[in-house]
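The values are calculated or read from the model by the stated rules, or taken from the named source; none is laboratory data. Treat the numbers as computed from the prediction; the structure is a model and nothing was measured. Cβ coordinates were reconstructed from backbone atoms using ideal geometry, including for glycine residues, and neighbour counts include every protein chain displayed. These accessible areas exclude ligands, DNA and RNA; they are computed on the full protein's heavy atoms, side chains included. Shrake-Rupley method; radii C 1.70, N 1.55, O 1.52, S 1.80 Å.
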Amino acid sequence: MESSLVKDNPLLLPLNKEKTIYDGFITVQERDFRLRILLPPDRQVKQARLHCCWQLKHLLHGYEHIVKQRQQQSPDLVTFILELKTVLEVGLKSRHECRSIPPPQYYAQLISEMETLGWGKLLFIDTEFRTLRLKAEDSSRRQHILNIKLKSKHPVDAPECSADLPVPLAMTWTPQSTLEQLHSQFLLLLESLTEFWDVLDEIDSKTWILEPEKPSRSDTMRRIAIGNNTSIKVEVDPRHPKMLPECCLLGAEHVVTPLRNKLNANMHLWNPDSSVLHNLRDVLEIEFPSPATHEKSTRSLIRCAMTLAAASHFTRPVFTSLLR
């Protein structure tokens with residue numbers, strides 16, 4: 001074991017004949033890091049104490065739990081040092097990727113692409129010129145944001161893209177691609193989802209939505225109030241938004257059962273050429289409460305709460321003695 005330790009770490013040497021204290025350097029990716037290891041008399045690595053230079057401590061920040069785990073699992077010092085160096089290699093690689101500065105042509109390429117796309121479409125760019133947010137508008141004048149994270153080898157490496165969408169954002173990219181082409185792909189995807197958002201916007205504007213409280217463009221579910229503590233949860237398919245959605249009626253069984261029977265009996269009346277809300281009204285044979293109903297209900301609850309609060313504030317409690 002000792003020969004292997006010296007061979008792999010020639011700058012880390014024992015300071016006593018019992019070989020319970022080691023001091024020196026370990027080398028990772030041609031960089032030397034100061035390390036001091038204090039072993040117990042039985043030389044069990046699990047009980048060892050480690051002291052290191054500030055550079056090594058900084059590099060291991062966030063990896064402490066992994067180092068501790070490796071220390072507990074290693075049968076001897078040679079194995080632990082090997083595990084420690086593996087963790088250090090991961091840390092060095094991660095920091096190198098985070099701090100790698102793109103070459104000058106990266107910035108020239110980015111500015112050229114933005115001039116072609118139009119600076120008016122840029123909502124945000126970070127100080128490292130890596131993260132961009134581009135705005136886009138669909139045919140219904142809804143506003144959307146395309147988040148782009150460029151790699152240091154742009155445009156050779158494909159950027160990471162994300163957006164608030166109900167479907168996966170799959171973008172095509174080649175080393176010859178540009179931000180303008182990426183933005184155009186995004187616009188085409190938005191147009192393919194226009195009918196889906198039209199369907200949900202109608203539901204949001206004309207019914208009392210219980211969930212989600214603040215719908216996002218990626219949400220496909222709506223729980224709509226019906227009345228009598230009853231609601232219906234609908235899951236709209238983004239690719240086929242006008243087809244019969246997945247429905248789930250929620251509430252007391254004696255109220256839900258008649259509605260469920262109507263849904264099953266009238267399912268054949270569903271018209272794909274009509275909106276989901278119109279079809280739900282026809283199939284369930286009901287009128288949904290409007291958002292105004294929700295506002296009136298909320299105002300009533302607030303008035304009741306204020307009345308109760310005022311009454312409790314001005315009414316003094318009366319205490320009666322049990323002993324006379």
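Scanning region 238-263 for residues that are within 30 Å of Leu193 (Cβ to Cβ), surrounded by fewer than 16 Cβ atoms within 10 Å (Cβ to Cβ) and not hydrophobic (A, V, I, L, M, F, W, C) turns up Arg239, His240, Glu246. If you go through region 1-27 and pick out every residue that is in contact with an Asp or Glu (Cβ under 6 Å, 6 or more places away or on another chain) and under 13 Å from Lys85 (Cβ atoms), you end up with 1. Of the residues Glu18, Glu83, the single one that is assigned to a loop (DSSP other than H, G, I, E, B) and either surrounded by 12 or more Cβ atoms within 10 Å (Cβ to Cβ) or touching a residue at least 12 places away in the same chain (Cβ under 8 Å) (or both) is Glu18. Taking the conditions (1) modelled with pLDDT under 90; (2) within 39 Å of the chain's Cα centre (by Cα); (3) open to solvent by 30 Å² or more (accessible area, probe 1.4 Å); (4) of a type outside the set (Val, Ile, Thr) in turn, Gly91 satisfies each one other than (3). Only a single item in (1) surrounded by 14 or more Cβ atoms within 10 Å (Cβ to Cβ); (2) part of a helix (DSSP H, G or I); (3) out of contact with any strand residue (DSSP E or B) (no Cβ under 9 Å at 6 or more places or on another chain) is not met by Lys57, and it is number (1). Within region 202-227, how many residues are charged (D, E, K, R), in contact (Cβ under 8 Å) with a residue 12 or more places away in the chain and farther than 16 Å from Glu246 by Cα? Here the count works out to 4. Could you grab me the full set of residues in region 219-229 that are modelled with pLDDT of 95 or more and open to solvent by 40 Å² or more (accessible area, probe 1.4 Å)? Scanning region 219-229 gives Asp219, Met221, Arg223. When the strands (runs of 3 or more DSSP E) confined to region 132-212 are screened for residues that are surrounded by 19 or more Cβ atoms within 10 Å (Cβ to Cβ), those reaching at least 1 such residues are found at 143-149, 209-211. For region 94-115, a residue qualifies if it is open to solvent by less than 90 Å² (accessible area, probe 1.4 Å) and modelled with pLDDT of 85 or more, and the qualifying residues are Tyr106, Tyr107, Ala108, Gln109, Leu110, Ile111, Ser112, Glu113, Met114. For region 1-15, the set of residues classified as surrounded by 15 or more Cβ atoms within 10 Å (Cβ to Cβ) and under 45 Å from the mean Cα position of the chain (by Cα) consists of Leu5, Asn9, Leu12, listed by residue number.
When region 30-45 is filtered for residues that are at pLDDT below 90 and loosely packed, with under 12 Cβ neighbours inside 10 Å, only Glu30 remains.
Mind checking which residues of region 136-178 are of a type in the set (S, T, N, Q) and free of Cβ contacts under 8 Å to residues at least 12 places away in the same chain? Within region 136-178, Gln143, Thr174 meet the criteria.
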